[in-house]
Amino acid sequence: MNKFKKGDIVGRKSYGKDIIFSIEKIINIDNKQFAILKGITIRVKADSPLNDLVLVEKNRINNHIRSLDIKLEKRINEINKLSKSTSSKFKRVALKDNLLRERVYTGKILHLDGDKKYTEKSYRYYKSLGLNAIVKNIPENKQSFMVQSLLDRYNPDILVITGHDGMIKSGTGYNDIYNYRNSRHFMDTVKKSRQWDVNKKLVIFAGACQSYFEALISAGANFASSPARILIDFADPLIVAEKVATTENYKYLTINDFSNELRDGIKGVGGTGAKGKKEIILL
């Protein structure tokens, strides 16, 4: 009798339960049952025979999720200490004995995420930093069909296209788009976004774990994962969006400016760079 069901939290015995997954669905292939898996704190998608899975203890699940929350809270606190506010609040500045007021606008973010729980965490992260962000939970294979209407509606400065991904056969087929679980959907979404972006001002991050980096950059992304075909952290796309949103619009931002803040640096995320989207207006 099948002891597993959709939503169960599991590990793979053959990998020493190194990654904790949620079961997205169970399928039958040649009379054998397989589970399609999504990482709980890593943006990876994988499959596994059911007989290689084991349920993860509740305490370990809670500790795993809590460690992610603690990491995000620590980063939020550190950023907020450096800057008391990244939202559009009035401040007073002295200039030649006159008091002027300035308003700070950070870049507007539209974030499309294939994972519902990641969507919720991403929204809380942006709002905790005072960023102007709209976060939508849209399955990876539907993002390209919905992106242009969302761009019309929200007119963002920054677009994040992410969710889960992974190589079907690791270590081979690097240049085969069909050897990636969702890279072709991310690539199509980038292309549709660039068709909408007639003024070439939109800054795009695209990808997830092990994504086809070169295809995403060729399609028009400014930043993408994963140059070394490695797993990326849940927060990596958020950090990219945050950095672009809070960098002054006269500065050009490259991956080298913040690679030390990403879990695996330039192995996990690369790109051509972009101008910042923070604007300061004197009143």
Extension gain, residue 266 back to residue 176 (0.36 nm per residue minus Cα-Cα distance, nm)
30.2 nm
Within a Cβ distance under 12 Å of residue 114, other residues only, what is the Lys/Arg minus Asp/Glu net charge?
+3
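Under 8 Å for C-alpha pairs, at least 6 residues apart: give me the relative contact order for segment 9-56, rounded to a whole percent. Walk me through the intermediate numbers first.
Numbers: 90 pairs, mean separation 18.3, N = 48.
In percent, rounded to a whole number, it is 38.
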Using a cut-off of 17 Å between alpha-carbon atoms, which lysines can reach residue 6, once sequence neighbours fewer than 8 places away in the same chain are excluded?
25, 32, 38, 45, 58, 116, 117
Cα convex hull of segment 176-283: how many Å³ per residue?
100
Connecting every pair of Cα atoms under 10 Å apart in the chain and solving the GNM, the largest mean-square fluctuation among 128, 193, 225 falls on 128
Within a Gaussian network of the chain (alpha carbon springs, distance under 10 Å), most fluctuating of 222, 175, 141
175
Using only Cα atoms, tell me the angle between helix 143-154 and the longest principal axis of the chain; keep it within 0 to 90° and round to the nearest 10.
20
What do you get for the angle between helix 116-128 and the principal long axis of the chain? Use alpha-carbon atoms, 0 to 90 degrees, nearest ten.
20
Can you give the % of DSSP beta bridges in the chain that are antiparallel, to the nearest 5?
65
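Could you work out the Kirkwood radius for the chain, taking every pair of different alpha carbons, averaging 1/r and inverting it, reported in Å?
Numbers: mean 1/r = 0.0505 Å⁻¹.
One over the average 1/r among Cα pairs gives 19.8 Å for the chain.
Rounded, prolate or oblate: which fits segment 194-256, taking a ≥ b ≥ c as square roots of the Cα gyration tensor eigenvalues, rounded meaning a/c under 1.5, else prolate when a/b beats b/c?
Values: a/c = 2.16, a/b = 1.27, b/c = 1.71.
It comes out oblate by the Cα gyration axes.
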Residues with beta-carbon under 12 Å from that of residue 174, excluding residue 174: net charge, scoring Lys, Arg +1 and Asp, Glu -1?
0
With an 8 Å Cα cut-off and a minimum separation of 6 or more residues, compute the relative contact order for the chain in percent.
16
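Just add up the charged neighbours of residue 157: K/R +1, D/E -1, any other residue whose Cβ is under 12 Å from the Cβ of residue 157.
Numbers: positive: 108, 201, 275, 277, 278; negative: 197, 279.
Around residue 157, the charge tally is +3.
Values in this text are rule-based calculations from the coordinates and carry no lab data. If you're wondering where the values come from, they're calculated on a predicted model, not measured in any experiment. Here Cβ is always computed from backbone atoms with ideal geometry, including for glycine, and neighbour counts include all displayed protein chains.
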